[in-house]
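Engineer: My questions all concern the structure below.
The values are calculated or read from the model by the stated rules, or taken from the named source; none is laboratory data. Everything numeric here is computed off the predicted structure, so don't read it as measured data. We place every Cβ from the backbone using ideal geometry, glycine too, and count neighbours over all the protein chains shown.
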């Protein structure tokens, strides 16, 4: 069922997005998401139990924040960003592999981070 929904969403998303951009303008592509997002957040706040995810009943939200792996999250984010930046500059702007210093630096930072 999920695969069917992904397929329908992929097919209709591009078509409806193009129609919306042509007739309503590109800003509606972002603005149209606000209302469903507000509904989803409201439903999540009302439907998800407060104790869900907590290991102790006395645990506070700041205890979970202290357990969060900020170093790992930062490492992953910068690695993926450097990789994507390197691939974009490689494929779009500079067709010769590794000939541009920006590309070499971005891919080198990605490899170093990983």
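Engineer: If only one of 76, 90 is surrounded by 13 or more Cβ atoms within 10 Å (Cβ to Cβ), out of contact with any helix residue (DSSP H, G or I) (no Cβ under 7 Å at 6 or more places or on another chain), assigned to a helix (DSSP H, G or I) and at pLDDT 65 or above, which one is it?
Structural biologist: Sole residue among the options that is surrounded by 13 or more Cβ atoms within 10 Å (Cβ to Cβ), out of contact with any helix residue (DSSP H, G or I) (no Cβ under 7 Å at 6 or more places or on another chain), assigned to a helix (DSSP H, G or I) and at pLDDT 65 or above: 76.
Engineer: Further, regarding this structure: Please specify each residue of the stretch 1-48 satisfying the condition of being at pLDDT below 85, assigned to a loop (DSSP other than H, G, I, E, B) and either touching a helix residue (DSSP H, G or I) at 6+ places or on another chain (Cβ under 9 Å) or surrounded by 10 or more Cβ atoms within 10 Å (Cβ to Cβ) (or both).
Structural biologist: 26, 48
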